[in-house]
Amino acid sequence: MMSREKYLDSNLKKLLEENESKENIHIFKVIEKIIPDWIIKKTNFYVKQYKNLQNNWIKLCSQWKTEPKEILIVEYLPDLDNFENYTILRHIIESLTLNGYIIRNIRDITTCDKCNGAMLNEVAFNFLKEQETSIISNDSKWNSICDNCNTCIKN
Ligand SMILES: [Zn+2]
């Protein structure tokens with residue numbers, strides 16, 4: 001069961017202080033110490049059918065003069081309008097983003113069962129499909145295997 005409370009500033013501040021070190025701890029060490037369950041899955045690419053997501057990521061990285069590293073699929077991302085009690089988590093997210101990582105919510109993104117590339121999960125896929133401006137065609141169905149892997153299986 002996911003609890004948002006553990007990501008609140010009040011909780012993370014305490015954990016940060018407990019784990020404070022004189023050395024500059026690497027960001028992943030901090031994550032491992034204070035929010036070890038936060039990152040659920042990792043991958044380093046979006047599947048081909050979402051190449052717009054891949055391209056956006058590449059574009060962002062070049063803006064920040066870094067290289068795309070990993071897509072981190074996490075248990076919790078605070079809503080944009082509810083950031084004030086999650087400034088520590090936001091700081092962690094910003095540091096990662098500036099270093100070429102992209103942070104995605106497990107509610108929206110999963111990985112292909114076959115190639116492990118990042119793709120929309122079923123809920124996000126169906127939600128987007130229902131939008132009028134959707135890039136997802138009406139007759140397409142969500143699959144736990146990406147289109148590219150699916151084609152390879154059929155052939
Ligand atoms: Zn695949």
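Among residues belonging to the stretch 109-126 that are more than 13 Å from the ligand (Cβ to nearest atom) and either touching a residue at least 60 places away in the same chain (Cβ under 8 Å) or outside any strand (DSSP E or B) (or both), point out the one that is farthest from residue 43 (Cα to Cα).
From the stretch 109-126, those more than 13 Å from the ligand (Cβ to nearest atom) are 109, 121-126; that's our starting set.
Now drop any that are not either touching a residue at least 60 places away in the same chain (Cβ under 8 Å) or outside any strand (DSSP E or B) (or both), which leaves 121-126.
On the way: 121: 15, 122: 18, 123: 20, 124: 18, 125: 19, 126: 23 Å.
So the residue we want is 126.
Looking at (1) in a helix (DSSP H, G or I); (2) crowded, with 16+ Cβ neighbours inside 10 Å, can you tell me which one residue 136 breaks?
It fails just one condition, (1).
Consider only pairs whose beta carbons are under 6 Å apart and that are at least six residues apart or on different chains; among these, list those whose first residue lies in the stretch 74-90 and is under 11 Å from residue 10 (Cα atoms) and whose second residue is charged (D, E, K, R).
Once the first residue is under 11 Å from residue 10 (Cα atoms) and sits in the stretch 74-90, its partners that are charged (D, E, K, R) give 85/9; 87/9; 88/9.
For residues that are at pLDDT 95 or above and in a helix (DSSP H, G or I), tally how many sit in the stretch 75-88.
0
I need the full set of residues from the stretch 53-74 which are part of a loop (DSSP other than H, G, I, E, B) and closer than 23 Å to residue 32 by Cβ, in order please.
Matches in the stretch 53-74: 66, 67, 68, 69, 70.
Looking at the stretch 139-149, which of the residues that are in a loop (DSSP other than H, G, I, E, B) and in contact (Cβ under 8 Å) with a residue 12 or more places away in the chain is farthest from the ligand (Cβ to nearest atom)?
For the stretch 139-149, the residue satisfying everything is 142.
Tally up the residues in the stretch 26-42 that are aromatic (Phe, Trp, Tyr) and touching a residue at least 12 places away in the same chain (Cβ under 8 Å), please.
Total meeting the criteria: 1.
Need the failing condition index for residue 98 against (1) surrounded by fewer than 17 Cβ atoms within 10 Å (Cβ to Cβ); (2) under 16 Å from residue 53 (Cβ atoms); (3) of a type outside the set (Lys, Arg), just the number.
Here residue 98 clears every test but (2).
What are the residues in the stretch 111-155 that are under 19 Å from residue 71 (Cα atoms) and among the aromatic types (Phe, Trp, Tyr), if any?
125
What about residue 40, is it part of a strand (DSSP E or B), buried (at least 18 other Cβ atoms within 10 Å of the Cβ) and either among the small types (Gly, Ala, Ser) or at pLDDT 95 or above (or both)?
No: the conditions fail for residue 40.
Output the number of residues of the stretch 109-123 satisfying the condition of being touching a Phe, Trp or Tyr at 6+ places or on another chain (Cβ under 9 Å) and among the charged types (D, E, K, R).
Residues flagged as touching a Phe, Trp or Tyr at 6+ places or on another chain (Cβ under 9 Å) and among the charged types (D, E, K, R) within the stretch 109-123 amount to 1.
Take the stretch 43-57 and flag every residue that is surrounded by 14 or more Cβ atoms within 10 Å (Cβ to Cβ) and either in contact (Cβ under 8 Å) with a residue 60 or more places away in the chain or not polar (S, T, N, Q) (or both).
Once the filter is applied, which keeps residues that are surrounded by 14 or more Cβ atoms within 10 Å (Cβ to Cβ) and either in contact (Cβ under 8 Å) with a residue 60 or more places away in the chain or not polar (S, T, N, Q) (or both), the stretch 43-57 yields 43, 45, 46, 47, 48, 49, 50, 53, 57.
Has the stretch 91-109 got any residue that is basic (Lys, Arg) and either within 16 Å of residue 39 (Cβ to Cβ) or at pLDDT 95 or above (or both)?
Yes, the conditions are met somewhere in the stretch 91-109.
The values are calculated or read from the model by the stated rules, or taken from the named source; none is laboratory data. Since we're looking at a predicted model, the values are computed, not measured. So basically every Cβ, Gly included, is an ideal-geometry build from the backbone, and we count neighbours across all protein chains shown.
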